[in-house]
1. Amide H to amide H, which residues 5 or more places from Leu96 or on other chains are under 5 Å from it, using H placed in the peptide plane?
2. If you average the sequence gap of Cα pairs under 8 Å that are 6 or more apart and divide by the length of the range 1-157, what percent do you get for the contact order?
3. If you bin every alpha carbon distance in the range 89-186 into 5 Å steps from zero, what whole percent lands in each bin?
4. Using alpha carbon centroids, what distance separates the range 66-97 and the range 129-175, in Å?
5. Let me check I've understood the local charge: for Gln176, count other residues with C-beta under 12 angstrom from its C-beta, Lys and Arg +1, Asp and Glu -1. What total comes out?
6. So for each of 37-50, 141-154 I average, over its residues, the number of other beta carbons within 10 Å; can you give me the resulting order with the highest mean first?
7. What does the C-alpha gyration tensor say about the overall shape of the range 53-97? Classify as rounded when a/c is under 1.5, otherwise prolate if a/b is larger than b/c, or oblate.
8. Near the amide H of Val119, under 5 Å away, which other amide H atoms are found, from residues 5 or more places off or on another chain, if H is placed in the peptide plane?
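Every number in this text was worked out from the coordinates using simple rules, so none of it is lab data. Predicted model, so just to flag it, every value in this text is computed and none were measured. Using ideal geometry, Cβ is built from the backbone for each residue, glycine included, and neighbour counts are taken over all protein chains shown.
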Amino acid sequence: MTGLVAAPLRWAVPGVADLRGRSLPRALEPEAVAALLASCDRRRTVGRRDYAIVFLLVRLGLRAGEVAAMRLGDIDWRAGEILVRGKGGRQDRLPLPTDVGAALASYLQRRPRIESRAVFIRMQAPVGPLTRRGVSGVVTGACARAGVPPAGAHRLRHTAATQMLRAGCSLPEIAQVLRHQQLRTTAVYAKVDHAALRTLALPWPGGAA
């Protein structure tokens, strides 16, 4: 680089390994998900709110910001759909599963009547819309109550994708639910399906000896 050596040594420098996509998405096991949901005391309004939030994250794979951005008019009860306000102003409609809809309805029956049209609001003063950070705090609090190692809202998005894969959904179907713009973003979840990957593994030479 400084001109002290005339030989083009740049050809002798090895390339830097591209480590993108090497790590596995970390999903929660079904037992941990059940513990998170059970930790929400649905006898209280805040518990119904937290239960609905965790359910949305783990069943529909929503992002924390998408949950915080939900408005009352985004839920189409008759059509059984929900409008998701994603990144970059993108809007998508997803089917609203019956169990998720029931969790939302149970919370909305207790939701304090305030001027804000946000679905999820803070239960402590000052009362107002729940923020993206607040949604992540709901997940962290559920982990603490359930005795589950701390996890963020995005961990539940990974969990939703992993559950769909294990249930037999194809990668394009998962990409549609997660609203990935490129299929290669979803392809990372193929690495967590160990049962399917075993069928692709070649036998080690001499392994039968």
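1. For Leu96, whose amide H was placed from the backbone, the distant partners under 5 Å are Glu81, Ile82.
2. Reported as a whole number, the value is 29 percent.
3. In order of increasing distance, the bins hold 2, 10, 13, 19, 22, 18, 10, 4, 1 percent.
4. Taking the Cα centre of the range 129-175 as reference, the centre of the range 66-97 is 17 Å away.
5. Value of the local net charge: 0.
6. Ranking the peptides 37-50, 141-154 by packing returns 37-50, 141-154.
7. oblate
8. Residues meeting the amide H criterion: Met70, Arg71, Leu72.
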